[in-house]
1. Using the number of other C-beta atoms within 10 angstrom as an exposure proxy, rank 228, 147 with the fewest first.
2. Taking the structure as given and computing Cα extents along the principal axes in Å, which label from (1) 47, 40, 33; (2) 64, 48, 34; (3) 49, 38, 36 fits?
3. Quick check on the exposure proxy: order 191, 134, 107 from fewest to most C-beta atoms within 10 angstrom.
4. Tell me what the chain gives for mean residue ellipticity at 222 nm when only DSSP H runs of n ≥ 4 count, each as -39,500 (n - 2.57), the sum divided by the residue total, rounded to 500 deg cm²/dmol.
5. Quick one: check the C-alpha center-to-center distance for the range 125-171 versus the range 1-64, whole angstrom.
6. What is the pair-distance distribution P(r) of the range 4-61, computed from all Cα-Cα distances in 5 Å bins starting at 0, with each bin given as a whole percent?
7. Return 221, 4 ranked ascending by Cβ neighbour count within 10 Å, so the fewest neighbours appear first.
8. For the range 80-132, rounded, prolate or oblate, judged on the Cα gyration tensor with a ≥ b ≥ c (square roots of eigenvalues), a/c < 1.5 rounded, else prolate if a/b > b/c?
């Protein structure tokens, strides 16, 4: 039976990211068929049982995932062109007063915190920042099946065929887009549900059918909704919440 790298198999199983797997392996926190493995590059077969030791599980439990209602003019990742990253909003003063999570804020939670998906600088709404490689893989991994929902305010006249093209039939960067769900929310606002996130995808899709986007807000990622989270504030992803 063909063998694959242990770190890759751990990622495939959703135990952690490949980078995290290498750290756990080096620390001796991974068992294969009940035997600790600490050699990087070790290989396994798909029928072998892989488990994380208690120390690794505890480390994962301490990692946080936060939800931010990102305002316009903040970038999702690193600061660029003089614009601040959304992570600067992750401070005790900006925590939503109605956050039900018992997790206490600590500055150390900024370490390794990264966006799991992007939201354009001129867009607002739900943005996920996480320390947890499992969450990042679920949301932005190559095989991610998590959809995202947006409310998009537009100007222009949409031809009868335009809505069908938005749902299925447009190409960007020389490739056909995955099928989308696009419906009218009201007379000047569309609702988009996508399973991919090419750069400025919605704005470019609208341009192709003669529409100009004047406002864009992400309101849902998978099963997690923006809800009543105020603009510019954040909350922790709850223990019982899943994307």
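1. Values: 228 8, 147 18.
By the 10 Å Cβ count, ascending, the order reads 228, 147.
2. Given (1) 47, 40, 33; (2) 64, 48, 34; (3) 49, 38, 36, the calculated one carries the label (2).
3. 107, 191, 134
4. Working: 6 runs with 47 residues, N = 243.
Estimated from H runs of four or more residues: -5000 deg cm²/dmol.
5. Centre-to-centre distance over Cα atoms comes out at 32 Å.
6. 4, 23, 37, 28, 7, 1
7. Details: 221 21, 4 12.
Placing the least packed residue first, the sequence is 4, 221.
8. Working: a/c = 1.75, a/b = 1.52, b/c = 1.15.
It is prolate, given that a/c is not under 1.5 and a/b is the larger ratio.
The numbers here are math on the coordinates, done by the rules we state, and not lab data. Worth saying up front: this structure is predicted, and the values here are computed from it rather than measured. Reconstructed Cβ throughout: ideal geometry from the backbone, glycine too, with neighbour counts over all protein chains shown.
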